[in-house]
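The values are calculated or read from the model by the stated rules, or taken from the named source; none is laboratory data. Just so we're clear, the structure is a prediction, and the values are computed from it rather than from any experiment. All Cβ positions, even for glycine, are placed from backbone atoms using ideal geometry, and neighbour counts span all protein chains on display. Remember, those area values only see protein heavy atoms, side chains included, never the ligands or the DNA or RNA. Shrake-Rupley method; radii C 1.70, N 1.55, O 1.52, S 1.80 Å.
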Amino acid sequence: MKLNVDSKYYEIVVERKSGNRNTYIRVKPDMTILVTTNKFTSNKAIEKLITDNYSKIAKMINVQEKKKDNNEGFNYLGKQYDIVYVEYCDISFGNEKVFLNKKLDVDKWYKEQAKKIFLEHLNKVYERFSRKIPYPDLKIRKMTSRWGVCNTKTKTITLNLELIKRDTKYLDYVIVHELSHLIHANHSSAFWGLVEENMPEYKEYRKEMKEF
């Protein structure tokens with residue numbers, strides 16, 4: 001089964017599970033359309049569901065296409081570079097290209113840069129933060145579903161290593177978000193009010209970050 005969206009065909013994969021009460025549709029990073037449903041759901045019912053939700057699926061495909069485009073090549077601090085593999089250095093940047101040694105541990109290199117850059121931005125955001133809060137410990141790790149985490153008990157914020165690839169305005173937003181949790185350990189209206197108090201553009205940034 002395939003779906004035609006803007007003259008491109010996308011594979012539809014159906015997963016039937018006895019424990020599923022509802023039917024869900026999502027577009028995976030490999031651009032397949034995944035339908036998870038109950039084992040008794042008929043193909044005809046699935047086809048109708050796809051037809052009824054065509055515009056929503058097209059939007060999900062568009063988001064995944066943008067994510068794919070935004071992650072191509074080599075990304076660093078908000079700029080995309082075409083990769084040229086070389087042997088004479090570990091890494092060197094040109095205007096549009098990055099010259100990269102295949103032996104370089106890229107994640108290790110990213111983390112080395114992040115340790116310095118993330119700390120600089122944490123200090124900057126902390127100094128101008130509108131409320132008095134304890135200075136947090138900083139951890140950096142690669143995460144798949146979150147940009148940041150705040151442990152209110154240990155006063156530690158953990159930032160996603162992937163932020164090193166993006167414009168630092170997003171890094172600053174995530175830091176503001178996590179620092180705000182040291183006042184409000186939830187996502188209440190008071191929490192979002194504090195985020196906005198420190199970063200009025202946060203809604204715009206949140207929306208843009210969905211494309212990464």
Can you put Thr23, Thr36, Thr154 in order of accessible area, largest first, using a 1.4 Å probe?
Thr154, Thr23, Thr36
Keeping all protein chains in the complex and leaving out DNA, RNA and ligands, what accessible area do you get for Cys89 with a 1.4 Å probe, in Å² to the nearest 10?
30
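Could you sort Lys102, Lys124, Lys8 by accessible area so the largest value comes first, with the probe set to 1.4 Å?
Lys102, Lys8, Lys124
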Pairs to check: Lys2/Lys108; Lys103/Lys153; Lys116/Lys155; Lys59/Lys116; Lys103/Lys142. Give those whose C-alpha atoms are more than 31 Å from each other in this structure.
Lys2/Lys108; Lys103/Lys153; Lys59/Lys116
Which of the GluC sites (Glu not before Pro) found in the stretch 10-117 are loop residues per DSSP with 14 or fewer other Cβ atoms within 10 Å of their Cβ?
Glu72, Glu87, Glu96
Sorted by accessible surface (1.4 Å probe, heavy atoms of the protein chains only), largest first, Arg131, Arg21 come out as Arg21, Arg131
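Only helical DSSP H runs with n ≥ 4 go in: add -39500 (n - 2.57) per run for the chain, normalise by residue count and round the 222 nm mean residue ellipticity to 500 deg cm²/dmol.
Mean residue ellipticity at 222 nm (helix-derived): -12000 deg cm²/dmol.
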The FRET efficiency for Ser7 and Arg146, from their Cβ-Cβ distance with R0 = 35 Å and rounded to 0.05, is 0.45
